[in-house]
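Worksheet: the structure to be examined is printed underneath.
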Amino acid sequence: MRIQSVALLLSFALLAPPALAGAQREEDLSASVRAALHGAVSDRAAPEPVFPSATERVRWLGEMSQRLYKRIPDPQERLIFLKTVYYEAQRAGLDPQLVLGLIQVESGFKKYAVSSVGARGYMQVMPFWVRAIGTPDQNLFHLRTNLRYGCTILRHYLDIEKGDLYRALGRYNGSLGRPEYPNMVRASWERNWSWQAAETLAQQPLPARN
């Protein structure tokens, strides 16, 4: 049964079109950074996101589900995906909409996407990260594992770059110093996944009546 499962997984990986992704570069990590990153990808807590309110939860999941339905047609799969994105982004201190924009650029929301340099899954994580900070049983085609690695890695690069998103995205894609990739992610984020919380909308002035 296990052999059949592995064969099925490989067939999906081979059939998935190549992703548009660069190569995250393997780097020397200090023992403290390696330990911190290992802890970040090892926590197996259930991915139940915490929203500012029940109303915001319904609004966000409903709106993002509508935007995503053409790419992930199954409603249950779409809901699980969005909840996991929100949870892992929140856990790493990232904007969930930024993560959605990055996934769109990296893999086009294809779970089994594989780039020309071997990056895998939704967030196109390079396998060397599993060797560096993970455990051999971790599968980068697994939804939560892939998103946890991707969000943890982007957070790591943001910390290295002291919050400079442009440079952090360049590191993530292996194209540090070149504008194409950061600009694509930002455009995807702003054009397709922008979001205003209910509290922000409530603070905006009402339009003047004629």
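The values are calculated or read from the model by the stated rules, or taken from the named source; none is laboratory data. The model shown is predicted, which means the values in this text are computed figures rather than measured ones. Note: ideal-geometry Cβ built from the backbone for every residue, glycine included; neighbour counts use all protein chains shown.
Sort out which residues of the stretch 81-108 are small (Gly, Ala, Ser), closer than 11 Å to Leu154 by Cβ and surrounded by 23 or more Cβ atoms within 10 Å (Cβ to Cβ), and write them in order of number.
Within the stretch 81-108, just Ala89 meets the criteria.
Residues in the stretch 94-110: is at least one closer than 24 Å to Tyr172 by Cα, among the β-branched types (Val, Ile, Thr), at pLDDT 95 or above and in contact with a Cys (Cβ under 8 Å, 6 or more places away or on another chain)?
Among the residues of the stretch 94-110, at least one is closer than 24 Å to Tyr172 by Cα, among the β-branched types (Val, Ile, Thr), at pLDDT 95 or above and in contact with a Cys (Cβ under 8 Å, 6 or more places away or on another chain), which makes the answer yes.
Scan the stretch 69-78 and tell me whether some residue there is touching a residue at least 60 places away in the same chain (Cβ under 8 Å) and either assigned to a loop (DSSP other than H, G, I, E, B) or not hydroxyl-bearing (Ser, Thr, Tyr) (or both).
No, the conditions are met nowhere in the stretch 69-78.
Taking the stated definitions as given, is Leu169 touching a residue at least 24 places away in the same chain (Cβ under 8 Å), surrounded by 19 or more Cβ atoms within 10 Å (Cβ to Cβ) and within 10 Å of the chain's Cα centre (by Cα)?
No; evaluated as a whole, the condition is false for this residue.
Does the stretch 113-120 contain at least one residue that is farther than 21 Å from Trp60 by Cβ, among the β-branched types (Val, Ile, Thr), in a loop (DSSP other than H, G, I, E, B) and over 9 Å from the mean Cα position of the chain (by Cα)?
Yes: one or more hits.
Take Asp95 and decide whether it is of a type outside the set (A, V, I, L, M), in contact with a helix residue (DSSP H, G or I) (Cβ under 7 Å, 6 or more places away or on another chain) and under 28 Å from Asp74 (Cβ atoms).
Yes.
Taking Ala168, is it assigned to a helix (DSSP H, G or I), touching a Leu at 6+ places or on another chain (Cβ under 8 Å) and modelled with pLDDT under 95?
Judged against the criteria, Ala168 is not a match.
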